[in-house]
Amino acid sequence: MSVILRNQPDQRFAPDRMRRTVLEMAFAGSTVHIACAFSIIELLTVLYRNHLRYPGNDPRAEGRDYLVLSKGHGVMAQYACMLELGWLDYSQIEGYFKDGSDLKGLSDSRVVGLEVTSGSLGHGFSVGVGIALGLKRKGRDQKVYAIVGDGELNEGPIWEGALVAAHHQIDNLMVMVDKNGFQAMGPTDDVLALGDLSAKFSSFGFETLEADGHDEAAVDAAIRQLWATGTNKPKALIATTVKGKGVPFMEANNLWHYTRLDPQSFAEAISALDRTGGTQ
């Protein structure tokens, strides 16, 4: 794993390497939400590599696109992207969640590169709706992407925001649903069944597509197709994912929502990534 490699544009955002960064952060800080970060790695990979615009690689650039991580507890995946971009250095990864660290366990807008403070689920999406509406009214061509968890869709503010987005024809907004089938307390369908998410978002006035959230080509194609529709509707991408993707003993194992790594499980997780090319 090499900082030089990260800084070469054609080599950045390798998903297995970013998962390794997440593991290193979680182990260093003895923190949770590893599996929650793993399920959105490919979504972030595609967005940062192919779609998000940061003029001059400046996370504060006035003309930037906006990534709103409403699913704020998945923030380690975004930190891994920020390391790839050079917005964070490796000392910050090693110091994650320790005394004096600026990096929190939830998205915090005081960290340059994070657009919202989120983690109180359901609210980040509405902030993204407001940002997109403001940009649209200013006549700007910037886009706003909001990543939400499927369990987060239990929250009423999500659907209030969706109604506002459709009513005001906020066509520069795309919500990306991390449909991994779990939330903190169990399977999403057991806690509060969501039904057909594509049909739901379509009924709320969104252009909607589904994709395998771990197939980078499929995610990229879906994003491009949604922007190419030419309608005045907001967009929704329903991405089917696996919670804990990349480390077999974490995959679809909801214990890893809150379980911390110990030396043995850390070594086993790193070894699992190494077997799939995670050191590249």
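The values are calculated or read from the model by the stated rules, or taken from the named source; none is laboratory data. Note that this is a predicted model, so its numbers are computed, not measured. We place every Cβ from the backbone using ideal geometry, glycine too, and count neighbours over all the protein chains shown. These area figures cover heavy atoms from the full protein model, side chains too; ligands, DNA and RNA do not enter into them. Shrake-Rupley method; radii C 1.70, N 1.55, O 1.52, S 1.80 Å.
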Checklist entry - Against the longest principal axis of the chain, how steep is helix 216-227, in degrees 0 to 90 to the nearest 10, with axes from Cα atoms? => result 20 degrees
Checklist entry - Which of Lys138/Lys235; Lys98/Lys245; Lys98/Lys179; Lys136/Lys200; Lys98/Lys235 have a Cα-Cα distance over 28 Å? => result Lys98/Lys179; Lys98/Lys235
Checklist entry - Dipole of the stretch 67-118, Cα-centred, from +1 at each Lys and Arg C-beta and -1 at each Asp and Glu C-beta, to the nearest 20 debye? => result 200 debye
Next on the checklist: Sequence gap at least 6, Cα distance under 8 Å: using those rules, report the relative contact order of the chain to the nearest whole percent.
Outcome noted: 24 percent
Item to check | For the chain: accessible area per residue (Å², 1.4 Å) | outcome: 41 Å²
Item to check | Farthest toward positive dipole pole in the stretch 210-280 [+1 Lys/Arg, -1 Asp/Glu at C-beta], among Leu237, Ser271, Leu261 | outcome: Leu237
Checklist entry - Remind me, relative contact order of the stretch 136-280 in percent, using alpha carbon pairs under 8 angstrom and six or more residues apart? => result 24 percent
Checklist entry - Tell me, what ³J(HN,Hα) does each residue in the stretch 97-113 have, in order and in whole Hz, if you take phi through Karplus 6.51 cos²θ - 1.76 cosθ + 1.60 with θ = phi - 60° and put x for Gly and Pro? => result 6, 9, 3, x, 6, 7, 8, 9, x, 10, 4, 9, 5, 6, 8, 4, x
Checklist entry - To the nearest 20 debye, what charge dipole does the chain have about its Cα centre, counting +1 at the Cβ of each Lys and Arg and -1 at the Cβ of each Asp and Glu? => result 680 debye
Checklist entry - To the nearest 10 square angstrom, what accessible area does Phe249 show with a 1.4 Å probe? => result 70 Å²
Checklist outcome for this item: For the chain, the longest principal axis of the Cα atoms and the Cα long axis of helix 75-85 enclose an angle in degrees, to the nearest 10, of 80 degrees
Checklist entry - Leu194 to Arg49: extension gain in nm, 0.36 nm per residue of separation minus the Cα-Cα distance? => result 49.1 nm
Item to check | Degrees between helix 156-167 axis and first principal axis of the chain (Cα, 0 to 90, nearest 10) | outcome: 50 degrees
Next on the checklist: Expected output is a single nm value to one decimal: the length gained when fully extending between Ser202 and Trp159, i.e. 0.36 nm times separation in residues minus the C-alpha distance. What is it?
Outcome noted: 14.3 nm
